[in-house]
Amino acid sequence: MNITLKKEKAVSDAMLGQQLMSYARSLQEEGQQKESKEAYAAKVYAKARSGQRLTPEEMSFLARTNPELYRKVLRAQMLRRELESRLKNCKSKQEAQEAFSAAVGSISDKDPDRDMIIQALNQAFKEFRESGDYERLPDTREEAENEKKPHKTMEYVQNGNGYQEAYLTEAEGIAFVAGA
């Protein structure tokens, strides 16, 4: 009986020690979290003001801590997505530049969020220019219109099992071949 009581006491002492260590760790982490929360807030605010894309976690943090800045960032992100959509539909580098200029020009000089929005638009245009999509575009509209678009043709082949297979191929010109 005495041995079981000693074992139970040892187990409870070990559990108590673990609980105390856990509590001490949580206090230490809480102190570090206060410092890191301030640093995180500063990082998110700087990222928002510089027009960079925010993660969903950062947007949620902004919504909780600074609703006014959150609304401004939402507006800047909306205009950024609108520009990105326009850029994807551009047929030439000239057209992409004009879309960017029109987006920046549409922002009033009196807009209090002008700097943040322009930063977001600049960031979007920079990312587009660095993408392969921009490099594949012709320089001017005229070049885009003059480019020959490949024509797609359907080619039928009978395989060894007697089944007909169809292949879609791209060709520069349309050729007509008739088998006799």
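Summary table below
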| item | result |
| --- | --- |
| Elements of type helices (runs of 4 or more DSSP H) contained in segment 44-151, each with 3 or more residues being among the basic types (Lys, Arg) and more than 30 Å from residue 169 (Cα to Cα) | 67-88, 114-130 |
| Residue match in segment 132-151 (condition: surrounded by 14 or more Cβ atoms within 10 Å (Cβ to Cβ) and out of contact with any Ser or Thr (no Cβ under 7 Å at 6 or more places or on another chain)) | yes |
| Residue list for segment 41-97, filter: over 17 Å from the mean Cα position of the chain (by Cα), loosely packed, with under 13 Cβ neighbours inside 10 Å and under 27 Å from residue 134 (Cβ atoms) | 89 |
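Every number here is computed from the coordinates shown, using simple stated rules; none is lab data. Every value quoted in this text rests on a predicted model; they were computed, and no experiment measured them. No Cβ is skipped: glycine too gets one built from the backbone with ideal geometry, and neighbour counts run over all protein chains shown.
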